Amino acid sequence: MIVIAGVQTPEEHIQAIVEVIEKEGLQAHVSRGSDRTIIGLIGSVEPKLAEHLRQMKGVENVVKISKSYKLASRDFHPENTVISIKGVNIGGGELVIMGGPCAVESAAQIDEIAALVKAAGAQVLRGGAFKPRTGPYSFQGTGVEGLIMMAEAGKKHDLLTITEVMTPEYVDICAEYADILQVGTRNMQNFDLLRKLGTCGKPVLLKRGFSSTYDEFLNAAEYILAGGNPNVMLCERGIRTFETYTRNTLDLSAIPVLQQLSHLPVIADPSHGTGRRELVVPMTKASVAAGADGLIIEMHTDPDNSMTGDGVQSLFPDQFADLLKDLELLAPAVGKTFHTPSAIS
Ligand code: PEP
Ligand code: MN
């Protein structure tokens, strides 16, 4: 349920509403918007309480929310969530580009790629140290050493870093080295991991499970939010369909749908979403046109010899740089800002 109060409602009236809610043993989440203040209630609400709240000073309306996720819903939090990390604002109108290899392979590899990612104008370096491989005999990642290599490359080239965390035990160490923690598609409903991320103190990029509905996806985000971490971004990375030409089907509708249902930033992953290098450029542009707040894109200097199978979907450095130049033109057409270094100098 939500209580809607006018934007002019004095703070003491909002506090009085919160006190009444908390006295009933329920949680109250206050969200101040530009035209109204929303107080969201978590817990089951007796009709008597709803009636009491309706009569209180400053209350314009009391509305029942039937969705199972609350904190993730736009009903609870009408304004967009903006995640600010060291001067980069995700969800705030700045298009955010995360680029880099599927996996951190060596210190030299991640350093070379970080330099290219930075030169192209991206703000975030991606790279997996712990890799969720379909088969147990495939390369599983460079682990903690990879995390350290990536943190050093990020620092040296002034990039934020994002890396995948697969188990609750590794959340703390990943949070120590990376700016953003990624939950992979195969772990979207790993509820112990999601709970642990609720208290990790770092922003989380949650990938949509490849067979998950929007409702399941937003409920997974709710686990992290309910644990006390408000900095969650949603990532559409392609779903499984009957089509086999592409590795997955990038669900472009997910971008505006998730933005309607939720206030959380939406990131698109056209690399895993298509599995084919030649489709990454057009689907990146399509994602921006559909309103994505950011993109996560695989790029490799030697994709034919990449240590995961994802070389086939990795852009070459010059393709990545050219794409970002095009985004500089495309972003303003959809109300976003994005600048490459060449435009600034
Ligand atoms: C990745 O980003 O390299 C990755 C493994 O992604 P996903 O979980 O979407 O397959
Ligand atoms: Mn990959």
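Derivation of every value follows stated rules applied to the coordinates shown; laboratory data play no part. Source: prediction; values computed, not measured. Backbone-built Cβ (ideal geometry, glycine too); neighbour counts: all protein chains shown.
Measure out, as a whole number of angstrom, how far apart the alpha-carbon centroids of region 1-17 and region 135-160 sit.
Result: 46 Å between the Cα centres.
Tell me which chymotrypsin sites (Phe, Trp or Tyr not before Pro) from region 74-176 have a DSSP coil assignment and no more than 15 other beta carbons within 10 Å of their own.
Hits after loop and neighbour filter: Tyr137, Phe139.
Rank these for me by crowding, Met307, Met56, Met283, going from fewest to most other beta carbons within 10 Å. Intermediate results must be reported in sequence, preceding the final value.
On the way: Met307 19, Met56 16, Met283 22.
Ordered by Cβ neighbours within 10 Å, fewest first: Met56, Met307, Met283.
Remind me, relative contact order of region 1-146 in percent, using alpha carbon pairs under 8 angstrom and six or more residues apart?
Relative contact order for region 1-146 comes out at 19 percent.
Can you tell me which of 320-326, 263-269 comes out highest on packing, and rank the rest after it, using the mean Cβ neighbours within 10 Å? Walk me through the numbers on the way to the answer.
On the way: 320-326: 19.4, 263-269: 26.6.
Going by the mean number of other Cβ atoms within 10 Å, highest first, we get 263-269, 320-326.
Would you give the gap between the C-alpha center of region 164-219 and the C-alpha center of region 260-312, rounded to a whole Å?
So the two Cα centres are separated by 19 Å.
With each run of n ≥ 4 DSSP H residues scored as -39500 (n - 2.57), what mean residue ellipticity at 222 nm is computed for the chain after dividing by its residue count and rounding to the nearest 500 deg cm²/dmol? Provide the component values of the computation, followed by the final result.
Numbers: 12 runs with 124 residues, N = 345.
Counting only the DSSP helices, I get -10500 deg cm²/dmol.
Dividing the Cα radius of gyration by the Kirkwood radius, what Rg/Rh value follows for region 77-187?
0.99
Which residues in region 30-45 place their backbone N less than 19 Å from a point set 7 Å from the Cα of Lys64 along the Cα-to-Cβ direction?
Backbone N within reach: 39-45.
Within the set of other residues whose C-beta is less than 11 Å from the C-beta of Glu12, count the net charge using Lys and Arg as +1 and Asp and Glu as -1. Don't skip to the end; give the middle numbers.
Details: positive: Lys57; negative: Glu11, Glu19.
Once all neighbours under 11 Å are counted, the net charge is -1.
Listed here are the pairs Lys23/Lys70; Lys64/Lys202; Lys64/Lys86; Lys70/Lys131; Lys155/Lys325; which of them are more than 30 Å apart at the Cα?
Lys64/Lys202; Lys64/Lys86; Lys70/Lys131, as the Cα separations exceed 30 Å there.
Would you work out which of Gly33, Gly92, His52 lies farthest towards the positive end of the dipole of region 9-140? Charges go on Cβ: Lys and Arg +1, Asp and Glu -1.
Gly92
About the Cα centre of region 1-148, how large is the charge dipole given +1 on each Lys and Arg Cβ and -1 on each Asp and Glu Cβ? Please answer in debye to the nearest 20.
Details: 15 positive and 16 negative charges, 70 e Å.
The calculated dipole for region 1-148 is roughly 340 debye.
Return the Rg/Rh value of region 207-345, two decimal places, where both radii are evaluated on C-alpha atoms and Rh is the Kirkwood radius.
Rg/Rh for region 207-345 comes to 0.99.
Which of the trypsin sites (Lys or Arg not before Pro) found in region 214-287 are loop residues per DSSP with 15 or fewer other Cβ atoms within 10 Å of their Cβ?
Arg240, Arg276
Local charge sum around Leu264 (other residues, Cβ-Cβ under 11 Å, Lys/Arg +1, Asp/Glu -1)?
Combined, the nearby Lys, Arg, Asp and Glu give -1.
For the chain, set up a GNM with springs between Cα atoms under 10 Å and report which of Ala289, Ala254, Ala122 has the largest fluctuation.
Checking each option, the largest mean-square fluctuation is seen for Ala289.
What net charge is computed for the residues neighbouring Ala151, neighbours being all others with C-beta under 10 Å from the C-beta of Ala151, Lys and Arg scored +1, Asp and Glu -1?
Combined, the nearby Lys, Arg, Asp and Glu give -1.
Against the globular-protein guess of 2.2 N^0.38 Å, express the Cα radius of gyration of region 1-145 as a ratio, rounded to two decimals.
This ratio for region 1-145 stands at 1.58.
Which three extents, in angstrom, do the Cα atoms of region 129-200 have along their principal axes, listed largest first?
Principal extents (Cα only, largest first): 34, 32, 18 Å.
Using the Kirkwood radius over C-alpha pairs as Rh, can you work out the diffusion coefficient of the chain via Stokes-Einstein at 10 °C, viscosity 1.306 mPa s, in µm² per second?
On the way: Rh = 20.9 Å.
Taking Rh from Cα pairs, D becomes 76 µm²/s.
Using unit Cβ charges (K, R positive; D, E negative) and no other charged atoms, how large, in debye to the nearest 20, is the dipole of region 232-278 about its Cα centre? All intermediate terms of the calculation are to be shown ahead of the outcome.
Values: 5 positive and 5 negative charges, 29 e Å.
That gives region 232-278 a dipole magnitude of about 140 debye.
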